Amino acid sequence: MEKEFDIQDYMTKGVERVVKDSLRATLKDPKESIFMGKFALATKKAADIRKKYEAEGLHVPPFLIASITSNCNLHCAGCYSRQNQATKDCEPVNQLSDEQWLEIFNEADSLGISFILLAGGEPLLRKGVIKAAATKSNILFPIFTNGVFISDEYFDMFDKNRNLVPIMSIEGHKEATDARRGEGIYEKLISNMETFKKNGQIFGNSVTVTTENFQDVLSDDFVSMLQGYGCKAVIYVEYVPVSDESKHLALEEAREEQLRARIDELRTKYEDMVFISFPGDEKSSGGCVAAGRGFFHINSHGGAEPCPFSPFSDTNVMDLGLKGAISSRLFKVLQSGDILKDDHVGGCVLFEKQDQVQRILQEYM
């Protein structure tokens, strides 16, 4: 008889691997390795807290994604957030305050959540939220940023608060990065990396993987370049097609398998770096880990959504807290159904099947 898949055990081992790789990657940096050693102990305590809640019937994911603003200074080609109307050029309306985000971070800490990915829009536009995150040393906050607003003040903040890890988006070399993100962005990123290296500060890069840049961003030439600038973490995000016209950019199954195999190679070859694939190998995790299985998304208004690519919500964290959001009826229906396990094109099954998610929301809520 086939053993039932244990999502709690799977996610806990995933956290342990990331922390182990991070410890290895920071061994030559005393300040960073001291922080990672303390954080490793914190993640073990967090895992025990989650196990306690699991025994009580509440599955707490170890990850959250928080889009802390709907504002952004760039108009990147193929941006899912603008496609979903989650990022706009107008002044943000009804966004959570700095204090409200701190409430969320405090509850996350008490529930045993170890990682909160800060996104947007452009998260560095919310300096008060970043400062609130800095106070929660038991939680690691990767900050997904376009890098434009990294200033002397932010360099100083990142140095003093090692739980804040800037993850700068780059699409490959200069031509590919500037083509998607705008003229001059590549040079700004290189300048930031040079300063981080000079200051002995940790940072990472996120790379949106498409059929067009697949060979480049997985090449030794590109990875060695990032390594040379001091990059410690590379997060490969599979491109999610935001329109029919962009479907050709999404990886097909054969390329997804190549991506996973190549990341295994990179982990072996570049021992001083951490490599993460998102959403990763859904086959080994029993399907997509969104909708509270491994993580969920909080939008800038507090709405709890399955993931950033699936902007549907029946719960607001400011009304019911994180516990209430984790117990969302929408999440429960998605977890017990087949959608998360369905075949799909590109990085996100919930984005491709958003009509079905919307019908569930209308039918059950």
Checklist entry - Using the C-alpha atoms of segment 169-237, what convex hull volume per residue, in cubic angstrom, is computed? => result 69
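Using only the alpha carbons of segment 73-221, what is the convex hull's orientation-averaged projected area in square nanometres? Mind dumping the intermediate values first?
Working: hull surface 39.8 nm².
Orientation-averaged projected area of the Cα hull: 10.0 nm².
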Next on the checklist: Highest mean first, how do 207-215, 219-227 rank when packing is the count of other Cβ atoms within 10 Å averaged over residues?
Outcome noted: 207-215, 219-227
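With a probe of 1.4 Å, find how much accessible area the chain has per residue, and write the answer as a whole number in Å².
Accessible area per residue, the chain: 44 Å².
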Checklist outcome for this item: Taking every alpha carbon pair in the chain and sorting the distances into 20 angstrom bins from 0 up to the bin holding the longest one, the percent per bin comes out as 30, 64, 6
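Cα convex hull of segment 19-134: how many Å³ per residue? Please report the intermediate quantities before stating the final value.
On the way: hull volume 17.4 nm³, N = 116.
Convex hull of Cα atoms, per residue: 150 Å³.
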Checklist entry - With Cβ to Cβ distances under 10 Å as the rule, what net charge do the other residues near Pro241 carry (K, R +1; D, E -1)? => result -2
Checklist outcome for this item: For segment 96-143, the accessible surface attributable to carbon and sulfur atoms (probe 1.4 angstrom, ligands and nucleic acids excluded) amounts in percent to 48
Item to check | Cut-off 13 Å between beta-carbons: net charge of the residues surrounding Ala179, Lys and Arg +1, Asp and Glu -1 | outcome: -3
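Taking Cα atoms of segment 132-176, Rg/Rh with Kirkwood Rh, to two decimals?
Numbers: Rg = 12.2 Å, Rh = 11.6 Å.
Rg/Rh: 1.05.
Assuming 1.567 mPa s and 4 °C, estimate D for segment 181-298 with Stokes-Einstein, Rh taken as the Kirkwood radius over Cα pairs, in µm²/s.
Numbers: Rh = 15.8 Å.
Reported coefficient: 82 µm²/s.
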Item to check | Calculated P(r) tail over 13 Å for segment 96-150, as whole % of Cα pairs | outcome: 56
Next on the checklist: To make sure I understand the rule: partners must be lysines, Cα under 23 Å from the Cα of Lys353, and not fewer than 8 residues away in the same chain. Which ones qualify?
Outcome noted: Lys247, Lys283, Lys332, Lys341
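Give me the Å³ per residue figure for the convex hull around the C-alpha atoms of segment 234-339. Intermediate values should be presented prior to the final figure.
Numbers: hull volume 14.6 nm³, N = 106.
Given the Cα convex hull of segment 234-339, per-residue volume reads 138 Å³.
So which of Lys45/Lys323; Lys20/Lys323; Lys88/Lys323; Lys20/Lys127 end up more than 23 Å apart by C-alpha?
Numbers: Lys45/Lys323 19 Å; Lys20/Lys323 28 Å; Lys88/Lys323 29 Å; Lys20/Lys127 30 Å.
From Lys45/Lys323; Lys20/Lys323; Lys88/Lys323; Lys20/Lys127, over 23 Å: Lys20/Lys323; Lys88/Lys323; Lys20/Lys127.
The values are calculated or read from the model by the stated rules, or taken from the named source; none is laboratory data. The structure presented is a predicted model; accordingly, all values stated were derived computationally and were not measured. Cβ atoms come from the backbone with ideal geometry, glycine included; neighbour counts cover every protein chain shown. These accessible areas exclude ligands, DNA and RNA; they are computed on the full protein's heavy atoms, side chains included. Shrake-Rupley method; radii C 1.70, N 1.55, O 1.52, S 1.80 Å.
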